[in-house]
Amino acid sequence: MAGGHVEGRVGGVGHLVVHGHSPVHRLAPEAKVVATFAFVICVALTPREQIWAFGVHAAVAISIVALAGVPTRVLLARLAVIIPFLTFAVLVPFVAGGEEVDVLGVGLSRDGLWGAWNVAAKASIGATASIILSATTSVPEILKALTRLRVPRVLVSIMSFMMRYLDLLVDQLGRMRTSMTARCHDPRWLWQAKPIASSAGALFVRSYERGERVHQAMLSRGFSGTMPDTEERATPGADWARAALPPVVALAALLSAVVL
Amino acid sequence: MSCTTIEVSDLRFTYPGSHHHVLDGLSASIAEGERVALLGPNGSGKTTFVLHLNGLLTLQFGSIRIGDLEMGEENLPEIRRRVGAVFQDADDQLFMQSVREDVAFGPANLGVPRAELDAVVERALGQVGAEALIDRTPHHLSGGEKRRVAIATVLAMDPHALVLDEPTSGLDPVGRRELAELLAGLPQTQLVVTHDLPFALQTCPRSMIVSGGRVVADGSTREILSNAELLAANRLELPYGFDVSSL
Ligand SMILES: Nc1ncnc2c1ncn2[C@@H]1O[C@H](COP(=O)(O)OP(=O)(O)O)[C@@H](O)[C@H]1O
Ligand SMILES: [Mg+2]
């Protein structure tokens, strides 16, 4: 019989979900998707000079992280994806022109500083919002939500296939790592990863072939390009109301920031 | 009544970019309710043949009839419903996040209304004795459980015939025995592709040997497995110590 790990880490992108039963996890996926989108838009539109408004956005995001029970460690690790943007942001004050201000004896561009702040604040709050969504909603749930939200089926199908192949790729990578580790190679660090890099071609071919076989298995069961929505469930109104709370607070902050 | 469910005539097939005839004049006829083993060494074209039976490879030469339907674009949906293919690697066949969704995938594509899906899924899982797995994640099942669920995913489409590609691969002896019992209890016509000769003997009264892309022997499984020369000539071998006449 299969082992006791009914939940938890599945190979592939399934591992983004941090399992739990918080109110955020239980919310209807379509409500979460819309709320995340609306929240990120509000953050993106907030004028950079209104620092207090970003404080409100950050407070909203952090409270939901706490409510969802996403461990800080996980949040920080995933926030690492925005490091390239932050690096870029740090450079801006040094290279941008215009009026200069003196910071610790170094003349920095005032406009550049505002630019850096703008990118850093929006990227980190926006990324936190998407991390909350992906940590509490599985990929198939997100795809089904998009279908329900009347996102064109072709787009949803393409996304689901991208996810599928990504999933298979990560899975294959895991297996290859295991077989390499079994042969006493310990590819824990990037600079030790040469054997992995050199077998990337083989990995790609294997994933592609597997993807093809999965596709054939889908065709043989009547697949014609769109995922059937097999669940009968209307989005509960209460879920919309609850999910609306964070973007409404963010919108209030945005509006006051613009008006004041 | 000898209504032929699967009638294949002079099938020839070459993969694009190769000159090797993987199928080279394969003909076979399987009557309704029959259980036939398709035996053959690795690379003899068995999987290629299975893919043809589901219209997953385009017919290059020859003909395939499933009941009264000729293989062709217009009949594909109905042919795929009638012939349930269970592929060699169950991981290819189970691609949804829960057993329930995976089993519902086929019937949902066929247009079974949502209100009836649950009943269809439960019935199919019941047929393979896997009701308890309904809310599990397919990736986490054992080999034998995956095989059962994979069979349930096609049973849910109410097929006339089952085609199983190496169904015993990756199963332990208990899993093999349970699978044989399960297949024996299913009413569908069955084509069991395998190089597991004892399993063929256990499940199928009739066997065909495929070699070089054509059927080179067709007869009772017991007779075929008793013909040591025929087996040796086709790279087939009974397990050490296995004696057909003792059964
Ligand atoms: N997708 C493919 N492209 C090219 N050649 C293939 C492909 N699949 C199988 N073959 C070749 O076709 C032959 C028969 O393969 P297959 O039908 O898988 O045999 P079996 O299932 O009996 O082991 C083999 O020589 C194999 O290398
Ligand atoms: Mg094969």
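Could you report the protein assembly as shown's accessible area per residue, 1.4 Å probe, as an integer in Å²? Show your work: numbers first, answer last.
Values: 24910 Å² over 507 residues.
For the protein assembly as shown, the solvent-accessible area averages 49 Å² per residue.
Skipping prolines and chain starts, which residues have an amide H placed within reach, meaning under 5 Å, of the one on B:R35, given they are 5 or more residues away or on another chain?
Those lying under 5 Å, H to H, from B:R35 are B:Q190, B:R206.
Would you kindly derive the ³J(HN,Hα) couplings of the stretch A:122-137 from the backbone phi angles with the Karplus curve 6.51 cos²θ - 1.76 cosθ + 1.60 (θ = phi - 60°), listing them in order in whole Hz, with x for Gly and Pro?
Calculated HN-Hα couplings, in order: 5, 5, 6, 5, x, 5, 4, 4, 5, 5, 4, 4, 6, 7, 10, 9 Hz.
Rolling a 1.4 angstrom probe over the protein chains, ignoring ligands and nucleic acids, what is the accessible area of B:R114 in square angstrom, nearest 10?
The accessible area comes out at roughly 100 Å².
Amide H to amide H, which residues 5 or more places from B:L11 or on other chains are under 5 Å from it, using H placed in the peptide plane?
Here B:G25, B:L26, B:S27, B:S63 satisfy the definition.
Between B:E70 and B:H20, how many nm apart are label points set 7 Å from Cα along the C-beta direction?
For the pair B:E70/B:H20, the computed spacing is 3.2 nm.
In the full protein assembly as shown, how much of B:I224 is accessible to a 1.4 Å probe, in Å² to the nearest 10?
Estimated to the nearest 10 Å², B:I224 gives 10 Å².
In sequence order, what are the phi-derived ³J(HN,Hα) couplings for the stretch A:102-115 according to the Karplus relation 6.51 cos²θ - 1.76 cosθ + 1.60 with θ = phi - 60°, rounded to whole Hz, with x for glycine and proline?
Whole-Hz 3J(HN,Hα) from phi for the stretch A:102-115: 9, 10, 6, x, 9, x, 10, 6, 4, 4, x, 4, 4, x.
Just to verify a number: what accessible area does B:D135 come out at with the full protein assembly present, 1.4 Å probe, Å² rounded to tens?
Accessible area, nearest 10 Å²: 110 Å².
Within 10 Å of each Cβ in peptide B:149-159, how many partner chain Cβ atoms are there on average? Round it to a whole number, please. Don't jump to the answer; show the numbers that get you there.
On the way: counts 0, 1, 0, 0, 3, 3, 0, 1, 3, 0, 0.
Counting Cβ atoms of other protein chains within 10 Å of each residue's Cβ and averaging gives 1.
Hey, got the average number of other protein chain Cβ atoms within 10 angstrom for residues in B:105-116?
Values: counts 8, 6, 4, 8, 10, 3, 2, 2, 1, 6, 1, 0.
Per residue, the average neighbour count from other chains is 4.
Which ³J(HN,Hα) values in Hz, rounded to whole numbers, follow from the phi angles of the stretch A:209-222 under the Karplus curve 6.51 cos²θ - 1.76 cosθ + 1.60, where θ = phi - 60° and Gly and Pro get x?
Running phi through 6.51 cos²θ - 1.76 cosθ + 1.60 with θ = phi - 60° gives 4, 5, x, 4, 5, 4, 4, 4, 5, 5, 4, 5, 9, x Hz.
Quick one: which residues, 5 or more positions from B:A217 or on another chain, have an amide H under 5 Å from its amide H? H modelled 1.01 Å from N in the peptide plane, none for Pro or chain starts.
Amide H to amide H, under 5 Å and 5 or more residues apart or across chains, B:A217 pairs with B:I209.
Just to be sure I understand: if you take the accessible area of chain A alone plus chain B alone and subtract the pair, with a 1.4 Å probe, what total do you get in Å², rounded to 100? Walk me through the numbers before you get to the answer.
Numbers: alone 16020 and 11700 Å², together 24910 Å².
Interface area, both chains combined: 2800 Å², rounded to the nearest 100.
If I take R0 = 25 Å and measure r between the Cβ atoms of B:R114 and A:A238 in this structure, what FRET efficiency does the formula 1/(1 + (r/R0)^6) give, to the nearest 0.05? Intermediate values should be presented prior to the final figure.
Numbers: r = 23 Å, r/R0 = 0.90.
So, using R0 = 25 Å, E works out to roughly 0.65.
Using a 1.4 angstrom probe on the protein heavy atoms only, could you order B:Y15, B:Y240, A:Y208 from most to least accessible area? Walk me through the numbers on the way to the answer.
Working: B:Y15 85, B:Y240 230, A:Y208 115 Å².
Solvent-accessible surface, decreasing: B:Y240, A:Y208, B:Y15.
Let me make sure I get this right: for the stretch B:4-246, a, b and c are the square roots of the gyration tensor eigenvalues over alpha carbons, sorted descending. Under 1.5 in a/c it's rounded, otherwise prolate if a/b > b/c, else oblate. Which is it?
On the way: a/c = 1.87, a/b = 1.26, b/c = 1.48.
Since a/c reaches 1.5 but b/c is at least a/b, the shape of the stretch B:4-246 is classed as oblate.
Would you list, by chain and number, the aspartates and glutamates whose Cα falls below 14 Å from the Cα of A:K144, excluding same-chain residues fewer than 8 positions away?
Those aspartates and glutamates meeting the cut-off are A:E30, A:D229, A:E231, A:E232, B:E101.
In terms of solvent-accessible area of protein heavy atoms at a 1.4 angstrom probe, what is the ranking of A:H19, B:H139, A:H25, A:H57, highest value first?
A:H19, B:H139, A:H25, A:H57
I need the calculated FRET efficiency for the pair A:T87 and A:A58, taking r as the beta carbon distance and R₀ as 30 Å, to the nearest 0.05. Working shown, then result.
Working: r = 21 Å, r/R0 = 0.69.
E between A:T87 and A:A58, to the nearest 0.05, is 0.90.
Carbon-plus-sulfur fraction of the accessible area of the protein assembly as shown, 1.4 Å probe, in percent?
The nonpolar share, carbon plus sulfur, comes to 62 percent.
The values are calculated or read from the model by the stated rules, or taken from the named source; none is laboratory data. The structure displayed is predicted, hence computed values, not measured ones. Cβ: placed from backbone, ideal geometry, glycine included. Neighbour counts: every protein chain shown. Just the protein is used for accessible areas: all its heavy atoms, side chains included, with ligands, DNA and RNA removed. Shrake-Rupley method; radii C 1.70, N 1.55, O 1.52, S 1.80 Å.
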